[in-house]
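See structure below.
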Amino acid sequence: MASLKDYLEGKLNENELKLVRRSFDIIGDIAQIDIPDELKNKEKLIAKAIMELHKNIKVVVKKVGPTSGEERVRPVKVIAGEKRTETIHIENGVRLKVDLNKVYFSPRLGTEHLRVVEQIKNNEIVFDLFAGVGPYAIPAAKRAKKVIAIDTNPYAIKYLKENAELNKVEDKIKAYVGDCRKIVKKYKWKQKADRVIMNLPMHASEFLDVAFYVAKPNAIVHCYFFLPEEELYKGAIKKIKNAEKEFGRKTRILRKRKCGQLAPRIWRTVVDFKIY
Ligand SMILES: C[S@@+](CC[C@H](N)C(=O)[O-])C[C@H]1O[C@@H](n2cnc3c(N)ncnc32)[C@H](O)[C@@H]1O
């Protein structure tokens, strides 16, 4: 298949061609692209080229702002195709309905979601503290005894519940809208979790108290951090060791790895650790 740049040759001048981004994300049948300001008046042409090249794409959206706020939503605008931002994305055999303008979702995390989910055993109770539309919680529910999924974004939980039904795991999931710290205390789930998933890299470490509160002895925590290249993984481990002292429970680091890039020299990382 011709590349987007090949396809646009003759339609854009040389300087414009240089500015076209080589890659873009595909979420369900939506292509999500970055359009530099200099190419604003060529955006429709670029979007139509994507739809010509990828016949399964029905909508092209462009990013119109940064990922922001507690809910980590990155706003987009439709620039070609059907006028919608909702789609069903298939990840590791799981169907996930999302609306790009209402919830956080990244198709780049599929491998990491699978890595965590594949560790889950059938007798586990899993707490997903920052669940989004359920890319961990839904496949986790196929394996675990029970999944507790929490998110402050009511749209995320609306989609998560719909996704539970789409994937026929609604009996295994309990989903709650709200701040995870308040929810776990409200339901008095002290020492209930065999596994805790904390995918909010910007702030997850501020919620380590919640992980310690819900973790049974020997529970495993998957905690995500954004870390600069030169700090891998010092800052993260220090926070876990501080929490160990604060909550009086020993921990053991099981694994640390990069699972994506936020910006040049800034990594999305995960530290898996055990709480005794
Ligand atoms: C980076 S997204 C990850 C979503 C999902 N786990 C995934 O992998 O796609 C973080 C999620 O945490 C939610 N969130 C932020 N602060 C929260 C809090 N205090 N309690 C519960 N959820 C929160 C946001 O609304 C967002 O959906």
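Derivation of every value follows stated rules applied to the coordinates shown; laboratory data play no part. If you're wondering where the values come from, they're calculated on a predicted model, not measured in any experiment. Methodologically, a virtual Cβ is constructed for each residue, glycine included, from the backbone with ideal geometry; neighbour enumeration extends over all protein chains shown.
A compact table of results
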read-out	value
Pairs from 48/174; 18/48; 63/142; 174/274 whose Cα-Cα separation, in the structure shown, is over 30 Å	48/174; 63/142
Linear extension gain, residue 88 paired with residue 48, 0.36 nm per residue minus alpha-carbon span	12.3 nm
Linear extension gain, residue 11 paired with residue 182, 0.36 nm per residue minus alpha-carbon span	56.1 nm
Per-residue [θ]222 nm for the chain (sum of -39500 (n - 2.57) over DSSP H runs n ≥ 4, rounded to 500)	-8000 deg cm²/dmol
The stretch 4-84: relative contact order as a whole-number percent, Cα under 8 Å and 6+ apart	25
Residue-by-residue Karplus 3J(HN,Hα) for the stretch 27-37, coefficients 6.51, -1.76, 1.60, Hz, glycine and proline x	10, x, 9, 10, 9, 10, 10, 9, 10, x, 3
Contour excess over end-to-end distance, with Cα ends at residue 19 and residue 250 and 0.36 nm allotted per residue	78.0 nm
FRET efficiency for residue 119 and residue 68, using Cβ-Cβ distance with R0 set to 35 Å, rounded to 0.05	0.65
Centroid-to-centroid separation of the stretch 213-254 and the stretch 1-65 [C-alpha atoms, Å]	41
